[in-house]
Every structure is written in structure tokens, then in C-alpha cells.
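Student: This is the structure I have questions about; it appears just below.
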Amino acid sequence: MRKWCILLILAAALLAGCTVRPKVDLDAFYAHRPRSIVVVPVVNESPEVSASSVFISTITKPLAERGYYVFPVYLTDLILQDFGLVEAGHIHQLPAGRFYELFGADAVLLVTIKDWSTKYLLLASVVVVEMEYVLKDTKTGMVLWQNKQTYTHDSGTAPGSSGLAGLVAMAVSAAVNAIFTDYLPLARQANYLAFQPPKGLPAGPYHRDFGRDQDKF
């Protein structure tokens with residue numbers, strides 16, 4: 001009896017130490033296997049007006065590195081403008097098939113900036129970027145993949161010093177550091193993480209791991 005109790009305890013401890021990774025539903029993605037992706041203008045829900053233009057410049061490289069042909073984002077924007085499609089919110093509401101008609105792309109990536117801000121915590125500041133990604137098949141309108149990615153950066157504080165003057169200096173330093181924090185590398189890192197396993201996009205047809213990385217998701 002004692003032997004069985006010990007075995008049960010060991011088994012319970014082993015299970016407790018194991019974390020089960022939730023499986024990403026990629027059945028639709030594997031059924032359609034997009035080769036080319038068009039990224040349309042970003043919906044910006046943050047108060048920072050420059051967020052969209054900064055973000056869009058960081059999206060092509062990580063997607064291309066995953067093995068997909070990505071339509072040049074600025075040329076895409078110009079073509080949409082030629083057809084009177086300027087407002088990002090309106091563009092996101094278009095039928096996915098419209099992007100196949102305009103670009104011949106296999107899939108369209110819709111990105112929404114949920115947060116692009118600085119949060120002050122006592123005597124420190126943290127810069128936050130958060131994006132939501134939805135990839136749709138342009139022939140069926142089916143959602144092939146979606147993800148949400150947050151990346152934070154601690155802008156730091158001044159070296160600690162005693163007294164009220166020291167506290168004021170630390171608070172001012174946190175504010176100044178936050179003002180001069182460059183959002184560009186933060187957006188790049190968020191995009192890189194968003195497209196990587198285990199929640200990202202499977203390797204595309206121009207990647208050496210194409211068709212061989214299912215076990216990473």
C-alpha cells in the first residue's frame with residue numbers, strides 16, 4: 001500500500017511540473033496554404049497619431065523572413081488610395097475578395113494597434129505596444145490565423161538618491177526617458193514575436209522549414 005502511495009505522489013508531482021501548451025488551430029491555414037500576403041493600412045485605436053506610420057514600416061521583414069511574398073506596403077497604400085480607399089477602418093470592413101481583385105494576393109493581413117503608450121508606475125515608466133493580427137483568405141474570406149502580441153519596454157529611472165530632490169530627479173528621468181524612447185524597435189520586436197512559433201505563422205513556401213514545422217505549433 002505504501003509503495004502505491006509513493007508512486008501516486010511521484011506521478012502527481014510529475015504532472016504538476018508539466019505545462020500543457022494550448023494547440024493553435026491552424027486547420028484552415030494548412031488547408032489554404034497562402035503564398036503571398038498583402039498588408040493593408042493599420043487601424044490605430046491608440047491615442048498616438050504616428051503609431052500607424054511607424055508600425056507599418058516594421059511589418060514586411062518579419063513576414064518575409066517567415067517565407068512569404070509580401071506586397072510592398074507603401075505601394076499597396078497608393079493603389080488603395082487610387083480606388084478611393086483611404087480610411088483604414090473602412091478598408092478592414094471590405095470583403096476579403098476585394099483584395100484578391102486588386103492585388104491577386106492569397107491572403108490579406110489586417111492589423112489593429114490596441115495600445116501604443118507610456119504608462120507611469122511610481123518613479124518608473126513603461127512603454128507598451130500591443131497589436132492584434134488577423135489573416136484572411138482572399139478567395140473565401142475565411143480567417144486563417146489570428147494572434148495578439150504585446151511588447152513592453154522599461155524606460156528606466158535615474159540612479160536612486162535620498163530625499164525629496166532625489167525622488168523628483170527619478171520621476172523627471174523616467175518621464176524624459178519615456179519621451180525619447182524609440183517605438184520603432186519595439187514594434188519590430190512585437191512583430192517578430194507575433195509571427196514566430198508557437199503562436200505565429202507556420203513557415204511559408206520560401207522558407208527552408210516549409211511543411212516541416214507543424215510540431216512547433
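Student: Run the numbers on segment 29-119 and let me know its relative contact order in percent, using alpha-carbon pairs under 8 Å that are six or more apart.
Tutor: About 52 percent, as a whole number.
Student: Follow-up. Write down Rg/Rh for segment 66-148, rounded to two decimals, with Rg from the C-alpha atoms and Rh from the Kirkwood relation over Cα pairs.
Tutor: Details: Rg = 16.0 Å, Rh = 14.6 Å.
Answer for segment 66-148: 1.09.
Student: Assuming 0.36 nm per residue, please report the length gained on full extension of the stretch Thr140 to Tyr120 beyond their Cα-Cα distance.
Tutor: 2.8 nm
Student: Using a/c under 1.5 as the rounded threshold, could you call segment 48-112 rounded, prolate or oblate? The axes a ≥ b ≥ c are square roots of the C-alpha gyration tensor eigenvalues, and prolate needs a/b larger than b/c, oblate otherwise.
Tutor: Oblate is the answer for segment 48-112, as a/c is 1.5 or above yet b/c matches or exceeds a/b.
Student: Within 10 Å of each candidate Cβ there may be at most 10 other Cβ atoms; applying that plus a DSSP loop requirement, which trypsin sites (Lys or Arg not before Pro) in segment 188-217 survive?
Tutor: Sites meeting the loop and neighbour criteria: Arg208.
Student: Net charge around Tyr100, counting only other residues with Cβ within less than 10 Å of its Cβ (Lys, Arg = +1; Asp, Glu = -1)?
Tutor: So the surrounding residues net to -1.
Student: So, one more: Which of Leu201, Leu110, Leu193 comes first, and how do the rest follow, when ranked by fewest Cβ neighbours within 10 Å?
Tutor: Arranged by neighbour count, lowest to highest, Leu201, Leu110, Leu193 become Leu193, Leu110, Leu201.
Student: Within 10 Å of each residue's Cβ, count the other Cβ atoms and sort Val111, Val54 from fewest upward.
Tutor: Val54, Val111
Any read-out appearing in this document is the output of simple, stated calculations on the displayed coordinates, not a laboratory observation. All values reported here derive from a predicted model rather than from experimental measurement. Here the Cβ is made from the backbone with ideal geometry for all residues, glycine too, and neighbour counts use every protein chain on show.
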